[in-house]
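Notes for the one structure printed next.
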Amino acid sequence: MRDILNDLLGKVVISKSGRDLGRAFVVVRVIDEARYLSISDGELRKIEKPKKKNIKHLRFTSLRADDVMEYLQKGEMPANHIIKKNIKQLLDKDLIRGEGGLVNG
């Protein structure tokens with residue numbers, strides 16, 4: 001069970017509902033045995049105040065924000081600019097799209 005929860009950290013997710021519909025985020029913390037996750041995009045939802053989101057309202061991608069994951073594995077919280085940079089790199093590579101969900105994954 002612990003491995004499954006740790007596999008979620010650093011994953012790139014797309015919001016399926018709410019005001020942030022279609023927006024890409026990174027999972028920064030697992031809450032309530034994976035029913036809820038804390039997500040951040042470094043811009044709308046900063047790392048200091050991540051969004052608590054039900055996993056039913058998220059679309060999971062196969063992508064991981066590697067730079068963010070390095071910090072999380074050390075038990076540190078990454079800076080907002082690192083989260084934004086990782087998401088932007090994935091958007092620029094056209095691996096994910098903010099509006100409309102996934103291209104690959």
Pull out a ≥ b ≥ c, the square roots of the eigenvalues of the alpha-carbon gyration tensor of the range 27-74, then state rounded if a/c is under 1.5, prolate if not and a/b is larger than b/c, and oblate in the remaining case.
rounded
Cross-link reach list, lysines versus residue 49, counting only Cα pairs under 27 Å and skipping chain neighbours closer than eight places
11, 16, 74, 84, 85, 88
Under 13 Å from the Cβ of residue 44, count the other residues' Cβ atoms, weight Lys and Arg +1, Asp and Glu -1, and hand me the total.
+4
With every protein chain left in place, what is the accessible area of residue 35 in Å² (1.4 Å probe, nearest 10)?
130
For the pair residue 35/residue 59, report the inter-label distance in nm, with labels modelled 7 Å from Cα in the Cβ direction.
2.6
Eigenvalues of the alpha-carbon gyration tensor of the range 9-48, times 5 and square-rooted, give semi-axes in Å, largest first, of 16, 12, 9
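The values are calculated or read from the model by the stated rules, or taken from the named source; none is laboratory data. As the structure is a prediction and not an experimental result, all values here were calculated from the model. Ideal geometry is used to build each Cβ from the backbone, glycine not excepted, and the neighbour counts take in all protein chains shown. The accessibility values were calculated without ligands, DNA or RNA, using every heavy atom of the protein model including side chains. Shrake-Rupley method; radii C 1.70, N 1.55, O 1.52, S 1.80 Å.
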